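Asker: First, the structure itself, so that you have it in front of you.
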Amino acid sequence: MLFREITGLTDVKQSLIQAVIGNHVAHAQLFHGAEGSANLALALAYATYINCENKQPDDACGKCPNCAKMSKLAHPDVNYIFPTAGGKSVLSENFMTQWRAFVKETPFGNLSDWLERINIKQGNIPAEESRQLIQKLSLKSYEGGYKIVIIWQAETLNITAGNALLKILEEPPEQTLFLLVANSAEKLLTTIISRTQRIAIRNFTDEEIISYLTQNQSITLERAKQVAYLSEGNLNYALAIANKTEDDQHTWFASWMRMCYALNILKLVPMADEFDAKGKEYQKAMLEYGLNIFREIFLYRNGGENLIRLEGDELIFVQKFSNVLNINNLEQITTILSESHYHIERNGRGKIIFLDISLAIARLMR
């Protein structure tokens, strides 16, 4: 990944480049940005620039041996750590083939996309990753330069893994650089945050998303503008909208709401089983999607049609469903979804949670 392959964000790019040129590279840095931001892409471009043998004023050369290795995510002095199912047999190094393909396809992908790719329901970074990393960093670098560790979705470090990293973050080996990439930095141990230099990555602007789509996708300028508006700065979501053929998430959610409204227990029970069979990230994503739809319903019912960021079947659903929903109970419905998201996050049983909120929503719809 090179800086020029990332649309916009010129100020952040220049700040990172100047840190390298001025030899002010902090040993531990936290690239914090919302889902669909360029936090991973910038960390990769930064690592490439640091390793480049022929640095340019505004980017890595992209041609030297180190740049070639970085483009393939195969540099021997760069270690990648990311969520897996945990345990000794499912460490990051065992998923490098899938990881390289995932990043090549989209460095803006989210955790749910990644876990689906490797067919794992719930991912985390286990303590064994930290132990093995400490052993690797005790060795000399192959190329004689920086040893770099890129930890993607660092907030999924379990407590033991996080604590195991603390000492090496505080007293790292010479010429060692940690790049932590996170969407929810508040979930990291405060002791880890205090040992990192925080780099805030903003969302993409509509203009940056339009530029990326028109240059990298077979899409018209007019459609790119529509997608940019709908995506709210999330480039991963923008790509999903631009390339989608069928919205399974909306279809499933719309069916769920119809079953709730009809209080069709015979359909809700098998839907609960289906929900339970999905991974935790899918379950959370569905509840987040529901919160977004109810937000749009609120806007529609209160004269904010021009603020709605939906189209097609989703927009039709909002328009029709808002006419039959008891709008006075909308706040309670969103509270139920938010609380359910909290319980799923803390490993609550999906089937029980789903049935509970289905019955509660069914009551509030009337």
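The values are calculated or read from the model by the stated rules, or taken from the named source; none is laboratory data. Predicted model, so just to flag it, every value in this text is computed and none were measured. For neighbour counting, all protein chains shown are included, and Cβ atoms are generated from backbone atoms with ideal geometry for every residue, glycine included.
Asker: Could you please give the count of residues in the stretch 155-181 that are farther than 18 Å from Leu16 by Cβ, hydrophobic (A, V, I, L, M, F, W, C) and touching a residue at least 40 places away in the same chain (Cβ under 8 Å)?
Answerer: 1
Asker: If I ask for residues that are touching a Lys or Arg at 6+ places or on another chain (Cβ under 7 Å) and over 29 Å from Ser231 (Cβ atoms), which ones from the stretch 81-133 would you list?
Answerer: The one that is touching a Lys or Arg at 6+ places or on another chain (Cβ under 7 Å) and over 29 Å from Ser231 (Cβ atoms): Glu128.
Asker: A further question on this structure: Can you name the condition, by its number, that Trp252 falls short on among (1) more than 21 Å from the chain's Cα centre (by Cα); (2) surrounded by fewer than 18 Cβ atoms within 10 Å (Cβ to Cβ); (3) without any contact (Cβ under 8 Å) to a residue 24 or more places away in the chain?
Answerer: All conditions are met except number (3).
Asker: Cβ contacts < 8 Å: first residue farther than 17 Å from Leu315 by Cβ, restricted to the stretch 282-302; second residue acidic (Asp, Glu), any location; separation 6+ or different chain. Result?
Answerer: Tyr282/Glu116; Lys284/Glu345
Asker: Scan the stretch 87-108 residue by residue and report those that are assigned to a loop (DSSP other than H, G, I, E, B) and either under 14 Å from Ala154 (Cα atoms) or modelled with pLDDT of 90 or more (or both).
Answerer: Across the stretch 87-108, the qualifying residues are Pro107, Phe108.
Here's the yes/no breakdown for (1) touching a strand residue (DSSP E or B) at 6+ places or on another chain (Cβ under 8 Å); (2) buried (at least 20 other Cβ atoms within 10 Å of the Cβ):
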{"residue": "Ser37", "(1), (2)": "yes, yes"}
{"residue": "Ile50", "(1), (2)": "yes, yes"}
{"residue": "Lys63", "(1), (2)": "no, no"}
{"residue": "Leu73", "(1), (2)": "yes, no"}
{"residue": "Pro76", "(1), (2)": "no, no"}
{"residue": "Val90", "(1), (2)": "yes, no"}
{"residue": "Glu116", "(1), (2)": "no, no"}
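Asker: Which count do you get for residues in the stretch 332-342 that are closer than 17 Å to Cys260 by Cα and without any contact (Cβ under 8 Å) to a residue 40 or more places away in the chain?
Answerer: So the first thing to find is which residues in the stretch 332-342 are closer than 17 Å to Cys260 by Cα, and the list is 332-337, 340.
If we keep only those that are without any contact (Cβ under 8 Å) to a residue 40 or more places away in the chain as well, we get 332-333, 335-336.
Of the residues in the stretch 332-342, 4 are closer than 17 Å to Cys260 by Cα and without any contact (Cβ under 8 Å) to a residue 40 or more places away in the chain.
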